[in-house]
1. Among Phe114, Phe94, Phe129, Phe151, which is part of a strand (DSSP E or B) and either within 28 Å of Leu21 (Cα to Cα) or open to solvent by less than 20 Å² (accessible area, probe 1.4 Å) (or both)?
2. With the requirement that a residue be closer than 26 Å to Asn137 by Cβ, surrounded by 11 or more Cβ atoms within 10 Å (Cβ to Cβ) and of a type in the set (Asp, Glu), what does the stretch 14-41 give you?
3. Only one of these conditions is not met by Glu11: (1) assigned to a helix (DSSP H, G or I); (2) within 23 Å of Ala139 (Cβ to Cβ); (3) touching a strand residue (DSSP E or B) at 6+ places or on another chain (Cβ under 9 Å). Which number is it?
4. Could you look through the stretch 26-73, keep only residues that are among the polar types (S, T, N, Q) and in contact (Cβ under 8 Å) with a residue 60 or more places away in the chain, and pick out the one that is farthest from Lys156 (Cα to Cα)?
5. Sort out which residues of the stretch 174-205 are over 21 Å from Val89 (Cβ atoms) and surrounded by 15 or more Cβ atoms within 10 Å (Cβ to Cβ), and write them in order of number.
6. Out of everything in the stretch 45-58 that is within 15 Å of Leu35 (Cβ to Cβ) and open to solvent by 20 Å² or more (accessible area, probe 1.4 Å), what residue ends up being nearest to the chain's Cα centre (by Cα)?
7. Hey, any hits in the stretch 134-147 for a residue that's open to solvent by 50 Å² or more (accessible area, probe 1.4 Å) and under 17 Å from Lys87 (Cα atoms)?
8. Does any residue of the stretch 98-105 turn out to be hydrophobic (A, V, I, L, M, F, W, C), part of a strand (DSSP E or B) and under 22 Å from Gly64 (Cα atoms)?
Amino acid sequence: MYKTYQDEVVEESIKIIKEVLLGEYVTLSVGSLSLNENVEQERSEVSCVVSLGGAPDVEVNGAGFGLVDALYSALVNKLSGEYLSLKDVRFVDFTVNINPRSVIKKPGTDAKVFVDIMVENSSRDYYHFSHSARSMNTAAVLAVLKTVEYFLNCEKAILKLSICIKDAEARGRIDMKDKYVNQMCTLVKNNSYVESLRYFKNKKN
């Protein structure tokens, strides 16, 4: 499959994020999710507990026009108080496709479903995050989690790199400073972190 420029940015960013954060990388996961659909009004209500790796779990409740809208909006609303840049990531579209060759049962209704979510950052660049599962809801939920996880960890890495750069300057390690600056230059392609850095600086002071 042809990789777009944004696909390459994501791949490079993930390598940098994991190198910078190490054990501080946050992995989002959901054990179970409750979904209540009002078919006539086309409204969905979701409720779940999201695990944030080593951090305390968060209870997420929300409503929207469908599962993806409800869960994505609820997650961003819940986490953007701490990770400010999430407010600049806008849900744009998602697509659903099936893999007919993955069918086990004769009716074919158990085929694997591929869900792709497209979001837009503060610079109006598009990013795709996807997941495949036999349950359309499961595939959608995990694609949403991948999306939020990526941008959340981008912000965490940016904030940590800002500390590393100052520390390298104080120690006269120009080589390390240059490395951290180059890493930050890659990560800032993902979103705007001006507000996040300002808030982080004020919080420290």
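The values are calculated or read from the model by the stated rules, or taken from the named source; none is laboratory data. Everything numeric in this text was worked out from a predicted model, so none of it was measured. Don't worry about glycine lacking a Cβ; one is built from the backbone with ideal geometry, like all the others, and counts go over all protein chains shown. Heavy atoms of the whole protein, side chains included, go into the accessibility calculation; ligands, DNA and RNA do not. Shrake-Rupley method; radii C 1.70, N 1.55, O 1.52, S 1.80 Å.
1. Checking each option against the conditions leaves just Phe129.
2. Passing the criteria: only Glu37.
3. Going through the list (1) assigned to a helix (DSSP H, G or I); (2) within 23 Å of Ala139 (Cβ to Cβ); (3) touching a strand residue (DSSP E or B) at 6+ places or on another chain (Cβ under 9 Å), Glu11 breaks only (3).
4. Ranking the candidates gives Ser29 first.
5. Residues satisfying the conditions are Met176, Lys177, Lys179, Tyr180.
6. Checking each candidate, the answer is Val49.
7. Yes, because at least one residue in the stretch 134-147 is open to solvent by 50 Å² or more (accessible area, probe 1.4 Å) and under 17 Å from Lys87 (Cα atoms).
8. Scanning the stretch 98-105 turns up no residue that is hydrophobic (A, V, I, L, M, F, W, C), part of a strand (DSSP E or B) and under 22 Å from Gly64 (Cα atoms).
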